[in-house]
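Some notes on the structure that comes next.
Where a number appears in this text, it was derived from the coordinates with a stated rule and is not lab data. Because the structure is predicted, anything quoted here is derived from the model rather than measured. Here the Cβ is made from the backbone with ideal geometry for all residues, glycine too, and neighbour counts use every protein chain on show.
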Amino acid sequence: MKAVLLVGGKGTRLRPLTCRVPKPLIPVVDKPLMLHVIDSLPDEVDEVVVPVGYKRDVMEDYLARNPPKRRITIVEEREPMGTGGAVKNVEEYIDGPFLVVNGDSISSLNMRRFVAFHREKKAFASISLWEVDDPTPFGIVDLDEDQRIRRFQEKPTREEAFSKLVNAGVYALEYEALDHIGEGFVSMEREVFPKILDKGMYGLTFDGYWVDCGTRESLLDAFWTLMAEGGAAAPGSPVEEVGARDQVFVGEGSTAAGAELGPRVYLASRVHVGEGSKIENSVVFDDARIGRSCRIANAIIDEGVTVPDNAVLEDEIVVRDGCPRDE
Ligand code: GDD
Ligand code: MG
């Protein structure tokens, strides 16, 4: 079985972080976002096809240096084709029922169960579903008692929102679904789903967690979710000495003596935090140096950044070189 991984977006809402690194390669706890998604695919997926335009070279370089266990084929997408167009663009790699996965969220969806559900229902298309309070940034569905989808609507207004069950971004599709994707720029959600509803679309909800990693707040949330899940990050070096509170991870070679960390702090490797600094709800990537008596909250500090003494950084993403040009 093949899976198409959709990671073609530019990650605009995560700038300037995404000027250095494409969103799929942003480290989330122990590995890049993209690998969280790839590693969750069922064993029967023997090839992951990834149509990419933006920063394709960076991604190819990363995969060459960190060869993944599963076969990953990067296919050039010259112009963004939309979520449906991108799938159509890699049609030649698909040979039967297949999976499509939005690469910008992490979740506890059991993909093996999801594929089994698709088969049991003899569905033409199946969608993973998650309940949220505000469905307006997502695609919503109306489900019947047999889990069949009666309606699908992308990005409803508050008035239009007939459901709180949203598309969690994993689809199982029959091969023939490709025939319903037109040429050029096509949105899977706006154009294809409404067209194939009557062929049998089913929705599967799941328990656990689902975090979209598209913004600073939600990316931070992804860290705390994975850390709470355990496994992904057992505490690294001893955190007692730094006055740490809950959900604090201090990575290899990082030091924070005399600083106050937490709640919710992730220091990657070789980070140094100066005495008297206080950090909460923030992630600091490799080799960053935080001066003394700094206050950092709700922030992402990128690799190699130097923060001067007494700095106050709140609600921001700080990178070393900024965005050199408007990419
Ligand atoms: N290759 C390629 N080409 N990938 C694309 C393109 C494109 O032109 N446009 C978007 N993608 C990728 C994005 O990188 C992302 O991983 C995924 O497709 C979904 O696109 P987003 O732009 O992030 O869409 P969204 O977050 O507004 O909404 C989608 O995801 C929600 C769940 O997170 C929709 O599928 C919603 O229905 C859904 O609820
Ligand atoms: Mg998204």
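Mean sequence separation of contacting Cα pairs (under 8 Å, at least six apart), scaled by the length of region 276-316, corresponds to a relative contact order of 41 percent.
Name the residue farthest towards the positive end of the dipole of the chain from the options 297, 51, 168, assuming +1 on Cβ of Lys and Arg, -1 on Cβ of Asp and Glu, about the Cα centre. Of the listed residues, the answer is 51.
On the beta carbon distance between residue 10 and residue 158, with R0 = 22 Å, the FRET formula returns roughly 0.20. Along the Cα-to-C-beta direction of residue 187, a point sits 7 Å from the Cα; which residues of region 195-220 have their amide N less than 17 Å from that point? Residues 195-197 qualify, since their backbone N sits under 17 Å from the label point. The magnitude of the dipole of the chain, with charges of +1 and -1 set on the Cβ of Lys/Arg and Asp/Glu and taken from the Cα centre, is near 180 debye.
Spin-label pair residue 292-residue 311: with each label point 7 Å from Cα along the Cα-Cβ axis, the two points sit 1.7 nm from one another. Take the Cα of residue 122, step 7 Å along the line toward its Cβ, and report every residue of region 173-217 whose backbone nitrogen sits under 18 Å from that point. Correct set: 173-177, 197-203. With equal scatterers on the alpha carbons only and no solvent term, can you work out the Debye log10 of I(q)/I(0) for region 2-212 at 0.07, 0.13, 0.15, 0.18 1/Å? For region 2-212, the Cα-only Debye profile gives -0.19, -0.71, -0.96, -1.43. A straight Cα-to-Cα reach below 22 Å connects residue 88 with the lysines 2, 10, 55, 195, 199, residues fewer than 8 places away in its own chain not being considered. In this label model, residue 218 and residue 255 are separated by 3.9 nm, measuring between points 7 Å along each Cα→Cβ vector.
Counting pairs of alpha carbon atoms under 8 Å apart in space and at least six apart in sequence, what relative contact order in percent does region 1-69 give?
45 percent
Look at the alpha carbon pairs under 8 Å that are at least 6 residues apart: their mean separation over the length of the chain gives a relative contact order of 15 percent.
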